[in-house]
Amino acid sequence: MKKLLILALCAVLLLSAGCAKPITAPSETGKPADNSTAVATPPLSTARPETSEPTDLPATEAPAVPDTGVPTEAPAVPSTAPTAEATSEPAPTEPIDPWSLMDELSFEQGVYEDDLGNIYSYSYGLPCIKADTEGARAINAEIEEIYGGEVVSAHQAMAEKLSLYMISMGYHGEVWEDVLTLVISTHTDWGDDSYGIYSYEVSTGRWLSTKDILDRLHISEKQFLETCRQQFRQYFIESNSGIPADKREVYGYYDALDRVDDELYLSMDLQVYPNADGELVVAAPIVSLAGADFYYHLLTLEFD
């Protein structure tokens with residue numbers, strides 16, 4: 001009887017061992033090693049989910065994430081708060097419109113024929129400063145006296161049917177910081193240009209001299225005159241580069257080049273102004289090989 005009970009007990013143990021399946025550990029790649037019924041767990045994504053696509057999950061229920069048994073870390077969220085350096089830069093300022101500080105004193109244009117049958121198209125325009133300060137009044141008075149006087153002379157010539165020597169007078173304004181500059185240009189029938197330059201300091205109401213402007217730009221008198229000498233000379237050379245070397249002596253090229261250094265053309269009486277970019281512009285008297293001794297050209301100086 002004992003033998004029968006022992007045999008029955010062994011049979012039960014063998015039957016229960018045959019139903020069990022071995023448990024296999026997942027591999028390092030996340031794929032099942034040997035078990036064909038195991039399911040691979042997808043890696044967690046750290047990308048921000050799209051919000052434009054609807055989801056079937058309730059708003060209050062978070063989607064279940066399969067447990068891989070490996071602890072995960074939440075992705076770092078970059079800070080969007082501005083740094084001190086990003087907020088310390090000053091906001092760009094809008095450039096000042098010259099017309100907010102200046103006005104047109106007069107303007108006229110027309111066609112004129114003299115008693116020789118010469119026909120001229122003429123135009124004359126004059127500016128003024130819109131300010132009631134001593135400096136502004138002085139500038140406006142000189143513009144009216146000198147350039148307004150030129151217009152009166154042109155009217156007299158037309159009344160007498162004489163030839164016109166000045167066929168145009170124009171102007172433009174530039175503002176750098178708080179300096180307004182009026183640049184008046186006249187053009188003659190034979191191609192001669194001249195300039196009248198008036199710089200006005202808005203904050204003080206002063207009429208600025210050449211030295212005042214150099215001081216504002218931190219340029220010394222010596223540096224200014226030497227730069228003018230070099231660049232006037234270079235402009236002369238480039239302007240006359242088309243003259244053949246064997247003809248230069250005949251045309252007086254070398255004598256004219258030597259005259260570039262004369263005090264007549266290099267002095268603190270030169271008219272200058274700062275353009276809108278803070279560069280120094282000069283009405284340069286460039287020596288001429290023909291016609292007048294020199295002709296004016298507006299040059300933007302370059303400093304080392």
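Read-outs: derived from the displayed coordinates by stated rules, not from any lab. Quantities reported herein were computed from a predicted structural model and do not represent experimental measurements. Quick reminder, even Gly has a Cβ in these numbers, built from the backbone with ideal geometry, and neighbours come from all protein chains shown.
At-a-glance table
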item	result
Near-label residues of the stretch 167-202 by backbone N, under 20 Å of a point 7 Å along Cα→Cβ of residue 114	167-170, 186-194
Computed label-point distance, nm, for sites residue 221 and residue 289 using a 7 Å Cα→Cβ extension	3.5
Residue 100 paired with residue 268, simple spin-label distance in nm, labels 7 Å along Cα-to-beta-carbon	3.4
Electrostatic dipole magnitude of the stretch 116-232 [Cβ: Lys, Arg +1; Asp, Glu -1; Cα centre; debye, to 20]	120
Contour excess over end-to-end distance, with Cα ends at residue 187 and residue 275 and 0.36 nm allotted per residue	29.5 nm
